[in-house]
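Student: First the structure, then my questions, so here it is.
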Amino acid sequence: GMMYTCQVLTPEPTLVPIPAPTPRPTPAPTPAPESSSTPTTAAPNTPATPWWVLAGIIVGVAGSLACIVLAVRQSEHKGDKGKVGMQDERHFRAEEGNLESPQSPMGSRRAATPSGMGLETPKSADDTSAGAYAPSQHRHTVVPPSRWGVTLDQLDALLREVEKRYPDVDPTVYTVVNEIIKPMTEKAGCSYALMLNPNGVDAENFVTHAWGEGFKAFVGDLRKANVSGGFWICFLANPQTWEPSELKALLGVNPFMSPFHAALTEASKVVAVRNSNLNMYTRLWCVFELWAANEKNKEVIVVGPNPESIDPGRTGYNATCFDERDTQMLRQAIDARGKKKRVNMYVGSVMFADSAAEPDPEPVAAPAAAPVESEVPL
């Protein structure tokens with residue numbers, strides 16, 4: 001037979017040449033203008049400042065400007081107030097101490113000033129005349145409460161003025177404040193004590209009492225305590241012509257941070273002046289002051305008589321104030337530092353304590369009870 005051989009012929013790959021890319025012509029650089037001699041540089045790639053940083057800067061600048069404006073205004077305000085205060089000082093010291101209060105309820109009647117009443121500005125502790133006087137409107141924020149005091153001589157001079165105006169009756173403290181203290185201190189804009197003593201007098205004796213008492217009897221009983229130094233007496237220490245809102249701001253909302261408590265804390269002794277018109281411990285401020293004295297371990301000197309009848313249900317912790325908000329405030333303050341039973345026991349021990357006054361050498365007939373003025377709330 002015959003054999004056939006098959007051979008598969010594979011064609012060789014053909015390489016097709018790829019033409020090279022034609023290079024693009026590079027444009028010639030634009031020459032810089034002949035007028036510019038400073039070479040230009042590319043701006044760096046700086047990230048944008050966050051918006052909150054810009055806001056903070058703006059707020060800071062605005063706050064600084066506001067502080068500057070406020071400081072300038074306060075400086076101008078203080079300057080004006082200082083001028084008014086100095087005018088008040090000159091007014092009080094003019095005409096040998098005579099003071100006229102055109103808005104006084106006494107009309108054109110002239111009230112005697114401190115010097116007209118035989119008072120002199122105290123020297124040393126009592127030298128309060130040393131240094132510059134604080135403007136009268138600001139004395140209660142400059143002079144500490146412990147220096148809102150009066151001397152015994154100043155109190156005696158006020159007593160002589162009261163005796164001259166009321167020779168036949170013993171007016172209550174309410175009447176003395178309304179008819180004498182307010183007219184005399186109206187232009188001063190401060191308390192009677194700081195009007196007499198612009199830089200203050202150390203009040204070594206804190207006096208707790210009730211305004212329903214007779215003023216003459218009050219001074220007489222206070223003298224029986226036989227103590228030395230200045231006296232802190234609320235109706236002379238606190239300003240009596242301020243608006244109620246201003247006085248509230250001065251006294252504060254915490255009795256333990258009030259001028260009363262600050263003065264009592266610094267005092268050496270506490271003098272409790274009872275009276276025959278009413279039981280002083282039906283007034284809650286008197287109860288608070290006595291309890292604060294007990295807390296501070298102060299020596300308490302008791303003078304003056306008690307009224308003929310005492311209602312235990314209205315005494316001590318159950319006492320009240322004319323302002324119900326003060327009643328609640330003081331009871332909360334007493335609750336925070338003591339217990340009702342302890343407070344009542346301590347008040348009772350003082351209320352029925354023997355007076356510090358020496359007994360009369362000869363027995364005398366009991367005088368008729370002085371009538372209580374109708375406008376005084378008891």
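The values are calculated or read from the model by the stated rules, or taken from the named source; none is laboratory data. Every value quoted in this text rests on a predicted model; they were computed, and no experiment measured them. When we count neighbours, we look across all protein chains shown, and the Cβ atoms used for this are built from the backbone with ideal geometry, even at glycine. Protein only, heavy atoms only, side chains kept; ligands, DNA and RNA dropped before computing areas. Shrake-Rupley method; radii C 1.70, N 1.55, O 1.52, S 1.80 Å.
Student: Pick from segment 203-232 the residues that are of a type in the set (Asp, Glu) and open to solvent by less than 60 Å² (accessible area, probe 1.4 Å): which of them is farthest from the chain's Cα centre (by Cα)?
Tutor: Within segment 203-232, the match that is farthest from the chain's Cα centre (by Cα) is Asp221.
Student: Still on this model: Any idea which of Phe256, Phe235 is open to solvent by 20 Å² or more (accessible area, probe 1.4 Å), part of a helix (DSSP H, G or I) and in contact (Cβ under 8 Å) with a residue 60 or more places away in the chain?
Tutor: Exactly one of Phe256, Phe235 is open to solvent by 20 Å² or more (accessible area, probe 1.4 Å), part of a helix (DSSP H, G or I) and in contact (Cβ under 8 Å) with a residue 60 or more places away in the chain, namely Phe256.
Student: Could I ask something else about it? Against the conditions (1) open to solvent by 80 Å² or more (accessible area, probe 1.4 Å); (2) closer than 29 Å to Gly220 by Cβ; (3) assigned to a helix (DSSP H, G or I), where does Val347 fall short? Just the number, please.
Tutor: That leaves (1) as the condition not met.
Student: Report, by residue number, each residue of segment 238-253 that is surrounded by 12 or more Cβ atoms within 10 Å (Cβ to Cβ) and more than 11 Å from the chain's Cα centre (by Cα).
Tutor: Pro239, Gln240, Thr241, Trp242
Student: If Ser276 passes every condition in (1) in a loop (DSSP other than H, G, I, E, B); (2) in contact with a Gly (Cβ under 7 Å, 6 or more places away or on another chain) but one, which one does it miss?
Tutor: Here Ser276 clears every test but (2).
Student: Next up: Taking the condition of being without any contact (Cβ under 8 Å) to a residue 40 or more places away in the chain, closer than 25 Å to Lys269 by Cβ, open to solvent by 20 Å² or more (accessible area, probe 1.4 Å) and part of a helix (DSSP H, G or I), how many residues in segment 295-318 meet it?
Tutor: Number satisfying all stated conditions: 1.
Student: Taking segment 277-294 as the search range and keeping residues that are over 21 Å from Phe231 (Cβ atoms) and either of a type outside the set (A, V, I, L, M, F, W, C) or in contact with a Cys (Cβ under 8 Å, 6 or more places away or on another chain) (or both), which one is surrounded by the fewest Cβ atoms within 10 Å (Cβ to Cβ)? Can you show your working first?
Tutor: Step one: filter segment 277-294 for residues over 21 Å from Phe231 (Cβ atoms), giving 278-279, 282, 284.
Right, trim to either of a type outside the set (A, V, I, L, M, F, W, C) or in contact with a Cys (Cβ under 8 Å, 6 or more places away or on another chain) (or both) and you get 279, 282, 284.
Details: Asn279: 23, Thr282: 21, Leu284: 23.
Among residues in segment 277-294 that are over 21 Å from Phe231 (Cβ atoms) and either of a type outside the set (A, V, I, L, M, F, W, C) or in contact with a Cys (Cβ under 8 Å, 6 or more places away or on another chain) (or both), the one surrounded by the fewest Cβ atoms within 10 Å (Cβ to Cβ) is Thr282.
Student: Moving on. Scan segment 174-193 and give yes if some residue there is under 18 Å from the mean Cα position of the chain (by Cα) and open to solvent by 10 Å² or more (accessible area, probe 1.4 Å), otherwise no.
Tutor: Yes: one or more hits.
Student: What's the number of the only condition in (1) within 22 Å of Leu284 (Cβ to Cβ); (2) surrounded by fewer than 19 Cβ atoms within 10 Å (Cβ to Cβ) that Trp148 fails to meet?
Tutor: Checking Trp148 against (1) within 22 Å of Leu284 (Cβ to Cβ); (2) surrounded by fewer than 19 Cβ atoms within 10 Å (Cβ to Cβ), the one that fails is (2).
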